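The values are calculated or read from the model by the stated rules, or taken from the named source; none is laboratory data. Keep in mind that what you see is a predicted model, and the values were worked out from it rather than measured. In this analysis, Cβ positions are derived from the backbone assuming ideal geometry, glycine residues included, and neighbour counts consider all displayed protein chains.
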């Protein structure tokens, strides 16, 4: 009897998980903004970094406002960390901090690659130009 209840709960939980996945597909700008704010607020939200990067992936077909919001959050995240990041070719030591910074560096490299891809994208050329101008003139 207990095993029937357990398997029934698993089926219910599975359905909830599917529902959550459907909700994630229908994100709005405030969700993207919240991911960025959380990332900037604490290392506990470091898993938001790949989520924000995913909005920049040309394969994701994200709306331009999601792309811009992600870029702004990622720029704010990476800028203070850049002096601490190892070179792209550096091998991480066994130290957890070194492993973390090496991983962050790999995400920064992805960020740069996505920015390059976005800047040469014919479908987002105007948006890319606007974002690039904003970034160039807001630094400093």
For this session: Looking for whichever is more than 11 Å from the chain's Cα centre (by Cα), modelled with pLDDT of 95 or more, assigned to a helix (DSSP H, G or I) and within 16 Å of residue 73 (Cβ to Cβ) here; the options are 40, 35, 49. Which one fits?
Result: 40
Exercise. Is at least one residue of the range 62-82 part of a loop (DSSP other than H, G, I, E, B), buried (at least 18 other Cβ atoms within 10 Å of the Cβ) and out of contact with any strand residue (DSSP E or B) (no Cβ under 8 Å at 6 or more places or on another chain)?
Worked result: yes
Seminar exercise, completed: Quick count over the range 90-105, residues being out of contact with any helix residue (DSSP H, G or I) (no Cβ under 7 Å at 6 or more places or on another chain) and either surrounded by 12 or more Cβ atoms within 10 Å (Cβ to Cβ) or in contact (Cβ under 8 Å) with a residue 24 or more places away in the chain (or both), is 6
Exercise. Which of (1) surrounded by 13 or more Cβ atoms within 10 Å (Cβ to Cβ); (2) at pLDDT below 80 does residue 115 not meet, given it meets every other one?
Worked result: (2)
For this session: Take residue 3 and decide whether it is at pLDDT 95 or above and over 23 Å from residue 114 (Cα atoms).
Result: no
For this session: Looking for whichever is modelled with pLDDT under 95 and farther than 26 Å from residue 133 by Cβ here; the options are 28, 95. Which one fits?
Result: 95
